[in-house]
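S.K.: Before we start, here is the structure in question, set down as structure tokens.
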Amino acid sequence: MWHVYDAIFVWLEQSPDYELDRREGVFGMETVPLEPLNALTIPYTEIETFDFTMLYPVRKKSGL
């Protein structure tokens, strides 16, 4: 999971065209399916795969 976060944020840092949209009122979202069981109750050491959704607002850099 952390590799996915790293890849997204490295891409945004290095992108000449896009940036994370941090304007007031713009939100991102991260979701973890909690069915058929609560995935947040599984000990980290027992997790083999992750099923999660990351929605981050990305926009063209201003001045482009």
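S.K.: Of all residues in segment 50-64 being in a loop (DSSP other than H, G, I, E, B) and loosely packed, with under 10 Cβ neighbours inside 10 Å, which is modelled with the lowest pLDDT?
M.R.: The selected residue is L64.
S.K.: Within the set of pairs 6 or more residues apart or between chains, which connect a residue that is closer than 23 Å to G28 by Cβ inside segment 43-63 to a residue that is open to solvent by 70 Å² or more (accessible area, probe 1.4 Å) and assigned to a strand (DSSP E or B) with Cβ atoms less than 6 Å apart?
M.R.: Pairs found: M54/E30; L55/M29; V58/Y18.
S.K.: Output the number of residues of segment 22-49 satisfying the condition of being more than 13 Å from the chain's Cα centre (by Cα) and assigned to a loop (DSSP other than H, G, I, E, B). It would help to see each step written out before you state the result.
M.R.: Going residue by residue through segment 22-49, those that are more than 13 Å from the chain's Cα centre (by Cα) are 22-26, 33-49.
Of the ones still in play, those that are also assigned to a loop (DSSP other than H, G, I, E, B) are 22-26, 33-38, 42-43, 47-49.
The total comes to 16.
S.K.: Okay, moving on. With the requirement that a residue be in contact with a Phe, Trp or Tyr (Cβ under 6 Å, 6 or more places away or on another chain) and over 17 Å from D6 (Cβ atoms), what does segment 23-59 give you?
M.R.: Of everything in segment 23-59, just one residue is in contact with a Phe, Trp or Tyr (Cβ under 6 Å, 6 or more places away or on another chain) and over 17 Å from D6 (Cβ atoms), namely V32.
S.K.: Among the residues of segment 1-21, what is the count of those that are open to solvent by less than 100 Å² (accessible area, probe 1.4 Å) and either small (G, A, S) or under 16 Å from the mean Cα position of the chain (by Cα) (or both)?
M.R.: 14
S.K.: From the list E35, E24, pick out the single residue that is open to solvent by 100 Å² or more (accessible area, probe 1.4 Å), of a type outside the set (S, T, N, Q) and at pLDDT 90 or above. So that I can check it myself, show each step before the final result.
M.R.: Values: E35 fails: at pLDDT 90 or above.
Of the residues listed, the single one that is open to solvent by 100 Å² or more (accessible area, probe 1.4 Å), of a type outside the set (S, T, N, Q) and at pLDDT 90 or above is E24.
S.K.: Hey, can you tell me all the residues within segment 3-21 that are out of contact with any helix residue (DSSP H, G or I) (no Cβ under 8 Å at 6 or more places or on another chain) and not in a loop (DSSP other than H, G, I, E, B)?
M.R.: Of everything in segment 3-21, those that are out of contact with any helix residue (DSSP H, G or I) (no Cβ under 8 Å at 6 or more places or on another chain) and not in a loop (DSSP other than H, G, I, E, B) turn out to be H3, V4, Y5, D6, A7, I8, F9, V10, W11, L12, E13, Q14.
The values are calculated or read from the model by the stated rules, or taken from the named source; none is laboratory data. For clarity, every value in this text was computed on a predicted model and none was experimentally measured. We place every Cβ from the backbone using ideal geometry, glycine too, and count neighbours over all the protein chains shown. With ligands, DNA and RNA removed, areas are computed over all heavy atoms of the protein, side chains included. Shrake-Rupley method; radii C 1.70, N 1.55, O 1.52, S 1.80 Å.
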